[in-house]
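First up is the structure itself, then whatever we jot down about it.
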Amino acid sequence: MGGVTSFTLDERLVPAGPIAGVFAELSAQFWHQPHLSAELVELCRLTLAVMHGAPDEQKLRHPSSQNPAEPKIAAVLAQAWRKNPAFSPAEQAALDFTEYYFMDPGSIPDEVAGAVLAHFGESGLVCLVEVLGFVDSRIRLALIYSSLSA
Amino acid sequence: MGIVARVNPPKMQTGNVIRDSAMGLVPETVDLFATLNKTVWRNGLVRPALLEILRLRNARTVNCVFCKSVRYDIAKADGLSEEKVDNIADGFEGSSLSDREKAALAFADCYLFDPKGMTPALTARLKSIFSEAEIATLAIALATFNAASRCAVSLGGMPDSLPIMEISVPD
């Protein structure tokens with residue numbers, strides 16, 4: 001039973017008891033906050049999926065994602081979103097931040113964080129790092145559980 | 001990364017270190033995060049000293065100076081010593097840590113460095129030492145610690161070093 005994704009992870013965590021429910025609830029909440037659109041959260045999720053080399057994750061579209069246009073999804077999956085006019089400056093700032101975050105959060109340049117602040121404000125920046133933290137964590141755990149459950 | 005914080009903490013301080021941190025700027029999620037953190041420590045399936053070893057391995061790897069300086073009092077009361085903490089370094093497999101502690105750290109390293117690299121040998125090792133419920137608890141704890149420390153590092157304002165601080169799990 002391989003092929004666990006962030007979409008199916010929660011059922012694998014149920015043995016942990018009530019903590020699994022809290023983890024699932026918080027993870028779901030990031031799709032329904034006022035600071036970042038669900039479409040942008042989905043583009044960030046797909047960016048992290050690409051950087052993790054997680055093909056099963058890349059094939060999925062989150063049901064709360066407000067369905068980003070397929071050309072934008074294709075551009076994210078091809079890592080071809082930079083200077084792509086389909087992406088707003090705010091989206092480009094968030095995706096740029098996401099790539100640095102994945103590699104090393106200590107490497108995020110001030111100008112990259114500053115661009116996120118300029119578009120989304122302080123609450124938006126904090127929300128973005130929280131979103132990335134939990135989306136990234138869920139992809140990591142899904143990859144691990146794909147092997148653990150095999 | 002500069003030492004200047006990229007955001008200001010909430011103006012309204014509550015005495016809760018999580019709600020008073022930058023996370024308090026996102027009121028839609030901060031209460032759930034505080035509940036998750038509290039539940040991680042009080043779940044009861046994994047002893048606090050083992051969770052603290054996992055948390056400190058994550059802190060070292062992410063290089064979160066705040067996280068590295070903290071010691072949770074319930075972990076110390078559960079037997080965590082600074083000698084043990086010194087062993088949470090590269091080369092821990094050859095240390096005096098117990099088999100459970102070494103297996104938990106190997107699990108953490110897989111998560112932190114190569115989540116696609118869970119080998120059959122590591123899977124068998126984990127399953128021979130931990131129950132399914134314990135593995136799931138370790139997984140959620142690690143995810144929580146990692147998200148929090150990456151959040152702290154991403155938001156800047158990290159000093160080069162801090163003294164060790166013993167704190168309680170915030171309510």
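The values are calculated or read from the model by the stated rules, or taken from the named source; none is laboratory data. What you see is a predicted model, and the numbers here were worked out from it, not measured in a lab. With ideal geometry, Cβ positions are generated from the backbone for all residues, glycine too; neighbour counts draw on all protein chains shown. Quick note on the areas: whole protein, heavy atoms, side chains included, nothing else; ligands and nucleic acids left out. Shrake-Rupley method; radii C 1.70, N 1.55, O 1.52, S 1.80 Å.
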26 Å Cα-Cα reach of residue A:59 towards lysines, excluding residues that sit fewer than 8 places from it in its own chain
A:72, A:83, B:116
Say R0 is 22 Å: what FRET efficiency, to the nearest 0.05, do residue B:3 and residue B:166 get from their beta-carbon distance?
0.35
Using the Karplus curve 6.51 cos²θ - 1.76 cosθ + 1.60 with θ = phi - 60°, work out ³J(HN,Hα) for each residue of the range B:72-84 in order, rounded to whole Hz, and write x for Gly and Pro.
6, 4, 5, 6, 5, 5, 8, x, 5, 10, 5, 5, 4
Amide H contacts under 5 Å for residue B:71, placed H, 5+ residues apart:
B:165, B:166, B:167
Please check: in the Gaussian network model of chain A (C-alpha springs, under 10 Å), which one of A:120, A:102, A:23 has the largest mean-square fluctuation.
A:23
Distance in nm between label sites at residue B:61 and residue B:38, each 7 Å beyond Cα in the beta-carbon direction?
2.8 nm
Across the range B:159-171, in residue order, what do the Karplus-derived ³J(HN,Hα) couplings come to in whole Hz, using 6.51 cos²θ - 1.76 cosθ + 1.60 with θ = phi - 60° and x for Gly and Pro?
x, 5, 7, 9, x, 5, 10, 8, 9, 9, 5, x, 6
Between residue B:11 and residue A:70, the two model label points (7 Å from Cα along the beta-carbon direction) sit apart by a distance in nm of 4.9 nm
Shape box of the protein assembly as shown [Cα atoms, principal axes, largest first, Å]:
57, 48, 33
Sort by residue number and report every cysteine in chain B with no other cysteine beta carbon within a distance under 4.7 Å.
B:110, B:151
Using only Cα atoms, tell me the angle between helix B:120-129 and the longest principal axis of chain B; keep it within 0 to 90° and round to the nearest 10.
80 degrees
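Can you check how the C-alpha radius of gyration of the range A:19-150 compares to 2.2 N^0.38 Å, as a plain ratio? Let's see the in-between values first.
Details: Rg = 14.3 Å, N = 132, 2.2 N^0.38 = 14.1 Å.
Against the empirical 2.2 N^0.38 Å value, I get 1.02 for the range A:19-150.
Please state, to two decimals, what the Cα-based radius of gyration of the range B:47-167 comes to when divided by 2.2 N^0.38 Å (N = residues).
Numbers: Rg = 14.1 Å, N = 121, 2.2 N^0.38 = 13.6 Å.
For the range B:47-167, the normalised Cα radius of gyration is 1.03.
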Computed helical MRE - 222 nm, the protein assembly as shown, DSSP H runs ≥ 4 contributing -39500 (n - 2.57), nearest 500:
-19000 deg cm²/dmol
Å² of accessible area per residue within the range A:1-67, as computed with a 1.4 Å probe and no ligands counted
40 Å²
Please give every one of the lysines within straight-line cross-link reach of residue B:38, meaning a C-alpha to C-alpha distance under 21 Å, and leave out same-chain neighbours fewer than 8 residues apart.
B:68, B:76
Provide B:165, B:12, A:51 ordered by accessible surface of protein heavy atoms (probe 1.4 Å), highest first.
B:12, B:165, A:51
How far apart, in nm, are the 7 Å Cα→Cβ label points at residue B:131 and residue B:76?
3.0 nm
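Whenever you get a sec, compute what percent of the accessible area on the protein assembly as shown sits on carbon and sulfur atoms (1.4 Å probe).
Values: 7160 of 12930 Å².
Ligands and nucleic acids excluded, carbon and sulfur give 55 percent.
Select from chain A the helices, each a whole stretch of DSSP H, whose alpha-carbon atoms run 27 Å or more along the helix axis and whose Kyte-Doolittle mean is at least -1.0; answer none if there are none.
Values: long enough: A:110-148 (42 Å, 1.03).
For chain A, where a helix must reach 27 Å along its axis and average at least -1.0, the hits are A:110-148.
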Ignoring ligands, DNA and RNA, what accessible area per residue does the range B:47-167 give at 1.4 Å, in Å²?
39 Å²
Alpha-carbon Debye profile of the range B:3-58, log10 I(q)/I(0) at 0.16, 0.24, 0.26 Å⁻¹:
-0.63, -0.96, -1.00
